[in-house]
1. Look through region 182-220, keep the residues that are among the aliphatic types (A, V, I, L, M) and under 25 Å from Thr81 (Cβ atoms), and return whichever of them is surrounded by the fewest Cβ atoms within 10 Å (Cβ to Cβ).
2. If I ask for residues that are touching a Phe, Trp or Tyr at 6+ places or on another chain (Cβ under 9 Å) and buried (at least 18 other Cβ atoms within 10 Å of the Cβ), which ones from region 115-129 would you list?
3. Quick check: is even one residue across region 19-32 under 21 Å from Gly209 (Cβ atoms), among the charged types (D, E, K, R) and in contact with a strand residue (DSSP E or B) (Cβ under 8 Å, 6 or more places away or on another chain)?
4. List the number of the failed condition for Arg177; all other conditions in (1) of a type outside the set (S, T, N, Q); (2) outside any strand (DSSP E or B); (3) surrounded by 13 or more Cβ atoms within 10 Å (Cβ to Cβ); (4) in contact (Cβ under 8 Å) with a residue 40 or more places away in the chain hold.
5. Against the conditions (1) surrounded by 14 or more Cβ atoms within 10 Å (Cβ to Cβ); (2) in contact with a helix residue (DSSP H, G or I) (Cβ under 9 Å, 6 or more places away or on another chain); (3) among the hydrophobic types (A, V, I, L, M, F, W, C); (4) not in a strand (DSSP E or B), where does Met156 fall short? Just the number, please.
6. May I ask you to verify whether Glu85 is part of a loop (DSSP other than H, G, I, E, B) and surrounded by fewer than 16 Cβ atoms within 10 Å (Cβ to Cβ)?
7. Just checking, does region 180-201 include any residue being closer than 19 Å to Gln116 by Cβ, among the aliphatic types (A, V, I, L, M) and out of contact with any His (no Cβ under 9 Å at 6 or more places or on another chain)?
Amino acid sequence: MLLHKEMSQLKILTTKGTIIVRLYDKTPLHRANFIKLVTEGFYNGTLFHRVIRDFMIQGGDPDSRGASSETLLGMGDPGYTLEAEIHPELFHKRGALAAARQGDELNPERRSSGSQFYIVWGKVYNEGQLSQIEQQMRLQAEQMEFQRLNGEYREMILQMRRDRNRESLLELQEKLRDQAKAFAKQKKFFEKTAREAYTTIGGTPFLDGQYTVFGEVVEGLDVVEHIQNVETGNADRPLTDVMLEISVLNA
């Protein structure tokens, strides 16, 4: 049996050309799962079913295999999800390989789809644009932390409401909001390496911290560019199917 290090590179053969990706050691759950599915032939004959220009190309839905043009795709999976492996140093630069997932409302733990993935294209940002995105992400982090703290103090809040203790309730809410602001203020976004990437090669910085990035393209970025430029129809599906199959490469 091949060792993980020998299975860290995979070939994605598409009807538009070949893409070589490298899987990260720092995301072992996603790496092992992706390799398992690839060796089982899970992806062969499936499609890049969702393509958005200047954003990303998405595949890995088993229901896309042989699907008619009227079939709504994007919900298929192997019947399980994966624990998130989100690391700030693994970010959404152009060519990043990441796991798709359901939104936060249904999936607050940000667990990944068991099979669906996307490859980032994105665009190049200037420093001002990155700062604006950073501020939006900080506000989002503050709101999420405030919601989490409210859940932690739920019973106390409910009791204050039952007692009509408005003054204490307002004091508690102010305290929790201050804690949430302090939490968001100390969070760091876009370290030096990420900022350099986003202002030179490009990517999708607004996805950082929300999805698991578990690999990157090492060859065939021009193929990704070609695919993300194809004409699409309903639900961002390419008008002409972009089929794929994936195989493991030896080191």
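The values are calculated or read from the model by the stated rules, or taken from the named source; none is laboratory data. What you see is a predicted model, and the numbers here were worked out from it, not measured in a lab. No Cβ is skipped: glycine too gets one built from the backbone with ideal geometry, and neighbour counts run over all protein chains shown.
1. Leu207
2. Ser115, Phe117, Tyr118, Ile119, Val120, Trp121, Gly122, Tyr125
3. As a first pass, look at region 19-32 and keep what is under 21 Å from Gly209 (Cβ atoms): 23-31.
If we keep only those that are among the charged types (D, E, K, R) too, we end up with 25-26, 31.
So of that shortlist, the ones also in contact with a strand residue (DSSP E or B) (Cβ under 8 Å, 6 or more places away or on another chain) come out as 31.
Within region 19-32, one or more residues are under 21 Å from Gly209 (Cβ atoms), among the charged types (D, E, K, R) and in contact with a strand residue (DSSP E or B) (Cβ under 8 Å, 6 or more places away or on another chain).
4. Condition not satisfied by Arg177: (4).
5. Among (1) surrounded by 14 or more Cβ atoms within 10 Å (Cβ to Cβ); (2) in contact with a helix residue (DSSP H, G or I) (Cβ under 9 Å, 6 or more places away or on another chain); (3) among the hydrophobic types (A, V, I, L, M, F, W, C); (4) not in a strand (DSSP E or B), the lone unmet condition for Met156 is (1).
6. Values: part of a loop (DSSP other than H, G, I, E, B): yes; surrounded by fewer than 16 Cβ atoms within 10 Å (Cβ to Cβ): no.
When the stated conditions are applied, Glu85 does not pass them.
7. Narrowing region 180-201 to residues closer than 19 Å to Gln116 by Cβ: none.
No: region 180-201 contains no residue that is closer than 19 Å to Gln116 by Cβ, among the aliphatic types (A, V, I, L, M) and out of contact with any His (no Cβ under 9 Å at 6 or more places or on another chain).
Conditions (1) modelled with pLDDT under 95; (2) among the polar types (S, T, N, Q), marked per residue:
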position	(1), (2)
Thr15	no, yes
Lys36	no, no
Thr39	no, yes
Met56	no, no
Asp77	no, no
Pro88	yes, no
Ala98	no, no
